[in-house]
Amino acid sequence: MFWEYGKWIIPEGAALCSSYSCIKRKEKTMLELYHGYTSVCAQKARLTLAEKGLEWASHVMDLNGDQLDPAYLKLNPNGVVPTLVHNGHVIVESTVIMHYLDDIFTEPPLMPRDPLDRTRAHLFKKLMDEYVHPACIVFTFATANRAPLANLSKEQHDAQLAKAPLQRQSEYKRAAVEEGLGSPMGKEATKSFAKLLKWIQESTERGPWLAGPEYSVADIAATPYMVRLEMLKLSRMWDDKPGVAGWWKRIKARPSYQTALTKWLRSEDIARYEKLNDPWTEVSKNLAAEARVGQ
Ligand SMILES: N[C@@H](CCC(=O)N[C@@H](CS)C(=O)NCC(=O)O)C(=O)O
């Protein structure tokens, strides 16, 4: 099925195998990933592949309508990335993909062993999937994706959103574009990101990584959302959190950060984010309002 759809793009250096066991595995296994350059969920899958030293074939989607192509919807009925295909088995949902890869390719393990650390890892993933991902859609569509959409009429934009299988995501996008960061949804999104930063800070008071003594799926799950905050010029959100800054430095020093994130950032994406009006004024207002409620 994926061959019919497929356009094969294997960028230079994409997830090079780094170990002998990987080279041996490579003979038996075939991994393909449908993903987007800046997609946060795809970044989770790429980070997992990189941490495992796995080689994979890349299908880059432009996410400008190709995610709704009937052939792709057969693979991923939600019309989103990432989608992993492993020896013909189709796996969707970034969190499920992380676990699938961890179950099949057991070294290095990405789930902590200790039950309490495992619980922490699960809680981080839930925070990302249930709160931070919607918040990320709101932040991105209220800022970086707002200008490109301004060229469409309201009817064209509504028609585009109506086609998406995940209508809840469409609602976040619509509200963000129409109402901006000062809206109730913008405030809620700020709160979710603030919660993520608080959790990271508290975790680093226990140790270097988010769920136990070793790097884990919790660190992977959080990383793309930090990348997004940074691209949106919002790293000031953790100016008062030295633990977050230290953890972020450790994350960026890992080879997987280069392989799975930096290498996939195109100059046009960097330029699109660099052109942004600074969203800090609105976000800091939301943060201050939230702090007053908390007093
Ligand atoms: N829960 C899904 C969410 C996937 C998702 O929202 N992917 C975004 C990119 S991060 C996407 O493909 N968006 C395309 C669209 O909304 O049309 C997962 O974790 O895999």
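Computed from the coordinates by the stated procedures, all read-outs in this text should not be read as laboratory data. Quick caveat, the model's predicted, so the values are computed rather than measured. Neighbour counts are summed over all protein chains in view; Cβ atoms, including those assigned to glycine, are modelled from backbone coordinates with ideal geometry.
Here are some notes:
- Taking every DSSP beta bridge that has both ends in the chain, the antiparallel portion is near 70%.
- Anchor residue 52: aspartates and glutamates whose Cα lies under 12 Å away (excluding residues fewer than 8 positions away in-chain): 102, 103, 107
- Per-q log10 I(q)/I(0), region 126-244, q = 0.22, 0.23 Å⁻¹ (Debye; single scatterer per alpha-carbon; no solvent): -1.23, -1.30
- On a per residue basis, the convex hull of the C-alpha atoms belonging to region 116-196 measures out at 87 Å³.
- Phi angles across region 133-149 convert, under the Karplus curve 6.51 cos²θ - 1.76 cosθ + 1.60 with θ = phi - 60°, into 3J(HN,Hα) values of 5, x, 4, 5, 4, 4, 4, 6, 6, 7, 10, 4, 8, 6, 4, x, 6 Hz, Gly and Pro given as x.
- Three principal axis extents describe the C-alpha atoms of the chain; from largest down they are 56, 49, 32 Å.
- Local net charge near residue 76, Cβ-Cβ under 12 Å (Lys/Arg +1, Asp/Glu -1): -2
- In Hz, Karplus ³J(HN,Hα) per residue of region 40-52 (6.51, -1.76, 1.60; θ = phi - 60°; x = Gly, Pro): 4, 5, 5, 4, 4, 5, 5, 4, 5, 4, 5, 4, 8
- Packing, taken as the mean count of other beta carbons within 10 Å per residue, orders the peptides 205-213, 156-164 from highest to lowest as 205-213, 156-164.
- Debye, to nearest 20: dipole size of region 152-274, +1 on Lys, Arg Cβ, -1 on Asp, Glu Cβ: 200
- Listed residue pairs exceeding 29 Å between alpha carbons, taken from 163/252; 163/241; 44/74: 163/252; 163/241
- Once the C-beta distance of residue 89 and residue 249 is scaled by a Förster radius of 25 Å, the resulting FRET efficiency is 0.10 to the nearest 0.05.
- Cα gyration tensor, region 39-193 - rounded (a/c under 1.5), prolate or oblate: oblate
- Cα gyration tensor, region 227-295 - rounded (a/c under 1.5), prolate or oblate: oblate
- In region 61-141, one over the average inverse separation of all distinct C-alpha pairs is 14.7 Å, which is the Kirkwood hydrodynamic radius.
- Fully extended contour minus Cα-Cα distance, from residue 171 to residue 57, at 0.36 nm per residue: 37.8 nm
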